[in-house]
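I have placed the structure first, in the form of structure tokens, so that the comments after it can refer back to it.
The values are calculated or read from the model by the stated rules, or taken from the named source; none is laboratory data. Quick caveat: nothing in here was measured; it's all calculated off a predicted structure. Because the Cβ atoms are built from the backbone with ideal geometry, glycine has one as well, and the counts that use them run over all protein chains shown.
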Amino acid sequence: MTLNPVFITGASSGIGAALARHYARSGTVIGLVARRRAELETLAATLPGETAVYPLDVTDAPALEAAARDFLRRFGAPALVIANAGASTGTLGEDAADIVKLQRLLAINTAGLAATLSGFAPAMRAAGRGTLCGIASVAGLRGIPGAGAYSASKAAAIAWLEALRIEMRGSGVAVVTICPGYVDTPMTQGNRFRMPFLLSADESARRIARAIDARRRFAVIPWQMAIVGRLMRFAPTALFDRLAAGTGRKPRNAKL
């Protein structure tokens, strides 16, 4: 039986695809999840070793549960599960029409993340090993104007992961929260504002993998954004309001 399988959601592009390429280099069995079957199959064809492709939406809980059961049956408890699937769009809190976007982002970025990890946590606890990793965002550290729904969904993901980490304490299973800054992916390529410390998807994946290998409880990537994140978290409210008011706004027309 394979001893080091890895399961990744949001794997058809961006950070997820880069993480799949990173871990596949060692011949690891990779489980790939995303909505777009064609992109998943194209990626799988380029990876060495064995892959398992699951074209599904992480908001479809029964489909996600079935994928987890299939992966466990075929490969056993994974060494690593990365809940990476995510979506983003601009929103305005004063526009009631954007509540639908909030609901969708919470379903993908928070509930989808939670469902991904819960599908494997019991088996990994029983095995006494492995790492559960959730990809959150620096945007989850404070409410970002023009992206309130995205910030809320990522803040909820951070809180969920923190609780899960404590619940898994002593089990042998690590829980790692990753908060990337700006990464050059389809999600950010529509932004019309300066994105400091922008990383390529491949470089971001390498740094995320290092944090996972170290079993860091909470990591902001890159380190420069970690400094920004610390300032964001602990800045007095009045100061944060003044600084954030001048930041760029994300387009509100992204497909979810």
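Select from the stretch 129-153 the residues that are hydrophobic (A, V, I, L, M, F, W, C), in contact (Cβ under 8 Å) with a residue 60 or more places away in the chain and not in a strand (DSSP E or B) and list them in ascending order. Correct list: VAL138, LEU141, ILE144, ALA147, ALA149. Hey, any hits in the stretch 180-202 for a residue that's of a type outside the set (Val, Ile, Thr), at negative phi and touching a His at 6+ places or on another chain (Cβ under 8 Å)? Scanning the stretch 180-202, I find at least one residue that is of a type outside the set (Val, Ile, Thr), at negative phi and touching a His at 6+ places or on another chain (Cβ under 8 Å), so the answer is yes.
Residues that are farther than 20 Å from ILE212 by Cα, buried (at least 19 other Cβ atoms within 10 Å of the Cβ) and modelled with pLDDT under 95 do occur in the stretch 123-139. One residue alone among ARG230, ARG217 is under 22 Å from TRP160 (Cα atoms) and touching a Lys or Arg at 6+ places or on another chain (Cβ under 7 Å), and that residue is ARG217. Reported count of residues in the stretch 80-100, each being under 17 Å from ASP60 (Cβ atoms) and among the polar types (S, T, N, Q), is 1. For ALA155, the conditions (1) more than 22 Å from ALA111 (Cα to Cα); (2) crowded, with 16+ Cβ neighbours inside 10 Å all hold with the exception of (1). Listed here are the helices (runs of 4 or more DSSP H) enclosed by the stretch 1-120 that have at least 2 residues being of a type in the set (Phe, Trp, Tyr) and modelled with pLDDT of 95 or more: 61-75. Candidates are the residues of the stretch 1-47 that are among the hydroxyl-bearing types (Ser, Thr, Tyr) and more than 18 Å from the chain's Cα centre (by Cα); the one that is surrounded by the most Cβ atoms within 10 Å (Cβ to Cβ) is THR28. Only residues that are of a type in the set (Lys, Arg) and either buried (at least 16 other Cβ atoms within 10 Å of the Cβ) or under 21 Å from ALA209 (Cα atoms) (or both) were counted in the stretch 57-111, giving 2. Scanning the stretch 58-99 for residues that are farther than 26 Å from THR131 by Cα and over 21 Å from the mean Cα position of the chain (by Cα) yields LEU92, GLY93, GLU94, ASP95, ALA96, ALA97, ASP98, ILE99.
Determine whether ALA114 is farther than 20 Å from ILE208 by Cα, touching a strand residue (DSSP E or B) at 6+ places or on another chain (Cβ under 9 Å) and aliphatic (A, V, I, L, M).
So ALA114 fails the test.
Kindly check whether there is at least one residue in the stretch 208-224 that is among the basic types (Lys, Arg), out of contact with any strand residue (DSSP E or B) (no Cβ under 8 Å at 6 or more places or on another chain) and more than 21 Å from GLY93 (Cβ to Cβ). Scanning the stretch 208-224 turns up at least one residue that is among the basic types (Lys, Arg), out of contact with any strand residue (DSSP E or B) (no Cβ under 8 Å at 6 or more places or on another chain) and more than 21 Å from GLY93 (Cβ to Cβ).
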